[in-house]
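Here's the structure, in structure tokens; my notes come after.
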């Protein structure tokens, strides 16, 4: 292992063997980096390398992602992922911990912090509040039965449809770049190399469980989620890319549910702020955490 690479470890949560990487410096304050959906822990490498001298950086692979095991039934409700984060913090005795989460990882981190406010020192969520109030309202116009049938239909299609494969790392990298045109070729290649596994026939597939693409048909209410946000006591930074599709909570009303939060918008960035404008992002969070 080179000095620029982390060590790999596992722990058990709800009978699943989950993977995380440790960037060393255990005497420093703990910092957990939580990736988003259909991603992996090595997407944080650039951020971790920049912060490892001052922090003990830990980055987990969420269940169904990266080197972590897949749920046996292919079902991924957020309660299970919150439990996994709680188990990681407990397993490594990290509390009080600083957490940075991106997208779905931010969603998980925000709810965890609302449940255990004394366990988190500071929190950064990159576009982690989930769908906008407008989108949530549109979703709730459908019945619970309709959402459940849609979920069942999507799961059946995944069973019937073979997983997409790529003939080479280069082919998979091209798909990665098409998904985020702001990625440099070097970063796209890095993300791809850590995000695929080689199949027996020589092709490559993404490591995440395809079942993750079927969004769970139900969750707690919007009011219950807002209640959790209101329970967060630590300083909280809500980061958004100015060119992202995500709704800004300072404008859509969600920021009002936080006792101690500020919203920061980074120019020239889309949804993957920490990739699109890494230097600006690092400057921002260094000053915050």
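Note on segment 184-209: among residues that are assigned to a helix (DSSP H, G or I) and under 16 Å from the mean Cα position of the chain (by Cα), the one that is nearest to residue 147 (Cα to Cα) is 195. Of all the criteria given as (1) closer than 13 Å to residue 14 by Cα; (2) in contact with a strand residue (DSSP E or B) (Cβ under 6 Å, 6 or more places away or on another chain), the one not satisfied by residue 94 is (1). Might you check whether a residue that is out of contact with any strand residue (DSSP E or B) (no Cβ under 6 Å at 6 or more places or on another chain) and closer than 30 Å to residue 266 by Cα occurs anywhere in segment 138-155? Yes, because at least one residue in segment 138-155 is out of contact with any strand residue (DSSP E or B) (no Cβ under 6 Å at 6 or more places or on another chain) and closer than 30 Å to residue 266 by Cα. Number of residues in segment 3-46 that are assigned to a loop (DSSP other than H, G, I, E, B) and touching a residue at least 60 places away in the same chain (Cβ under 8 Å): the value is 8. Note on segment 249-262: residues that are part of a loop (DSSP other than H, G, I, E, B) and crowded, with 16+ Cβ neighbours inside 10 Å amount to 1.
Considering (1) within 30 Å of residue 275 (Cα to Cα); (2) touching a residue at least 40 places away in the same chain (Cβ under 8 Å); (3) out of contact with any helix residue (DSSP H, G or I) (no Cβ under 7 Å at 6 or more places or on another chain), the lone condition that residue 170 does not fulfil carries the number (2). When each of 118, 54 is tested for being more than 22 Å from residue 270 (Cα to Cα), outside any loop (DSSP other than H, G, I, E, B), more than 18 Å from the chain's Cα centre (by Cα) and touching a residue at least 12 places away in the same chain (Cβ under 8 Å), the lone residue that passes is 118. Listed by first and then second residue, the pairs linking a residue in segment 123-138 that is on the phi > 0 side of the Ramachandran plot to a residue that is part of a loop (DSSP other than H, G, I, E, B) and surrounded by 21 or more Cβ atoms within 10 Å (Cβ to Cβ), with Cβ atoms under 7 Å apart and 6 or more places separating them unless they lie on different chains, are 127/103. Output yes when any residue across segment 263-285 is closer than 17 Å to residue 117 by Cα and surrounded by 17 or more Cβ atoms within 10 Å (Cβ to Cβ), and no when none is. No; the residues of segment 263-285 include none that is closer than 17 Å to residue 117 by Cα and surrounded by 17 or more Cβ atoms within 10 Å (Cβ to Cβ).
The listed residues are 157, 181, 150, and the only one of them that is surrounded by fewer than 23 Cβ atoms within 10 Å (Cβ to Cβ), free of Cβ contacts under 8 Å to residues at least 12 places away in the same chain, in a helix (DSSP H, G or I) and out of contact with any helix residue (DSSP H, G or I) (no Cβ under 8 Å at 6 or more places or on another chain) turns out to be 157. Residues that are farther than 24 Å from residue 63 by Cβ, assigned to a helix (DSSP H, G or I), under 22 Å from the mean Cα position of the chain (by Cα) and modelled with pLDDT of 90 or more: does segment 135-143 have at least one? No, because not a single residue in segment 135-143 is farther than 24 Å from residue 63 by Cβ, assigned to a helix (DSSP H, G or I), under 22 Å from the mean Cα position of the chain (by Cα) and modelled with pLDDT of 90 or more.
The values are calculated or read from the model by the stated rules, or taken from the named source; none is laboratory data. Please read all numbers here as calculations on a predicted model, not as lab measurements. No Cβ is skipped: glycine too gets one built from the backbone with ideal geometry, and neighbour counts run over all protein chains shown.
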